[in-house]
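Notes for the one structure printed next.
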Amino acid sequence: MYAVFVTGGQQFKAKVGDTLKIEKIEGEVGQTVNFDQVLMVRSDDACRIGAPFVNGAKVESEILEQERRPKVYVVKYKRRKGYQKKNGHRQYYTKIRVKSIAG
C-alpha cells in the first residue's frame with residue numbers, strides 16, 4: 001500500500017516505513033504529524049484517486065529530525081566589469097518516517 005500526498009508545495013510517494021525529507025514543518029522530534037492532503041491511495045486490490053483530495057485519507061508520520069541541507073552557492077559575475085558576488089544558502093528540512101496510511 002502506498003499514497004501520494006502534498007506538503008510544502010511538493011508531492012511525495014510514501015509507503016509505511018519510508019523516511020522522507022520534506023520542506024520544514026513545525027514540530028518537535030518524536031511528535032506525530034498527519035497529512036490529510038492525499039492525492040491517491042493504492043492498496044493491493046484498489047486505487048482511490050481524489051478530485052483533488054481523497055476523502056478520509058491521511059498519512060500519519062513521526063518527525064525524526066529538524067535539520068538543514070548542505071550549502072548551495074550562488075555566484076553572480078559580469079565579464080570585463082570587475083563584478084563578482086558569491087552568496088550561500090542552506091534550506092531547512094524535516095525528516096519524517098511514515099507510520100501508517102489510512103484511507
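Restricting the search to segment 59-89, which residues are surrounded by 11 or more Cβ atoms within 10 Å (Cβ to Cβ) and among the aliphatic types (A, V, I, L, M)?
Val59, Ile63, Leu64
For segment 17-71, which positions are within 22 Å of Tyr92 (Cβ to Cβ) and small (Gly, Ala, Ser)?
Taking segment 17-71 first, the residues within 22 Å of Tyr92 (Cβ to Cβ) are 18-35, 37, 59, 61-71.
Listed by number, the residues that qualify are Gly27, Gly30, Ser61.
For segment 33-42, name all the residues that are free of Cβ contacts under 8 Å to residues at least 40 places away in the same chain and open to solvent by 90 Å² or more (accessible area, probe 1.4 Å). Spell out how you get there, then give the answer.
We begin by selecting, within segment 33-42, every residue free of Cβ contacts under 8 Å to residues at least 40 places away in the same chain; these are 34-37, 39-40.
Once the filter is applied, which keeps residues that are free of Cβ contacts under 8 Å to residues at least 40 places away in the same chain and open to solvent by 90 Å² or more (accessible area, probe 1.4 Å), segment 33-42 yields only Asp36.
Residue check, Asp45 against (1) touching a residue at least 40 places away in the same chain (Cβ under 8 Å); (2) farther than 17 Å from Lys99 by Cβ; (3) open to solvent by 80 Å² or more (accessible area, probe 1.4 Å); (4) not aliphatic (A, V, I, L, M), all met but one. Which one?
Among (1) touching a residue at least 40 places away in the same chain (Cβ under 8 Å); (2) farther than 17 Å from Lys99 by Cβ; (3) open to solvent by 80 Å² or more (accessible area, probe 1.4 Å); (4) not aliphatic (A, V, I, L, M), the lone unmet condition for Asp45 is (1).
Select, from Gly30, Gly9, Gly56, Gly17, the only residue that is surrounded by fewer than 14 Cβ atoms within 10 Å (Cβ to Cβ) and closer than 12 Å to Ser100 by Cβ. Even if it seems obvious, please write down each step before you answer.
Values: Gly30 fails: closer than 12 Å to Ser100 by Cβ; Gly9 fails: closer than 12 Å to Ser100 by Cβ; Gly56 fails: closer than 12 Å to Ser100 by Cβ.
Unique residue meeting the criteria: Gly17.
Suppose we keep only residues that are in a strand (DSSP E or B) and basic (Lys, Arg) within segment 81-103. Which one would you say is farthest from Leu20 (Cα to Cα)?
Checked segment 81-103; the qualifying residue farthest from Leu20 (Cα to Cα) is Lys85.
The values are calculated or read from the model by the stated rules, or taken from the named source; none is laboratory data. Since the structure is predicted, the reported quantities are computational estimates derived from the model, not experimental observations. Positions of Cβ are generated from backbone atoms using ideal geometry, with glycine treated the same way; all protein chains shown enter the neighbour counts. To get the accessible areas, we keep the full protein, side chains included, count just its heavy atoms, and leave off ligands, DNA and RNA. Shrake-Rupley method; radii C 1.70, N 1.55, O 1.52, S 1.80 Å.
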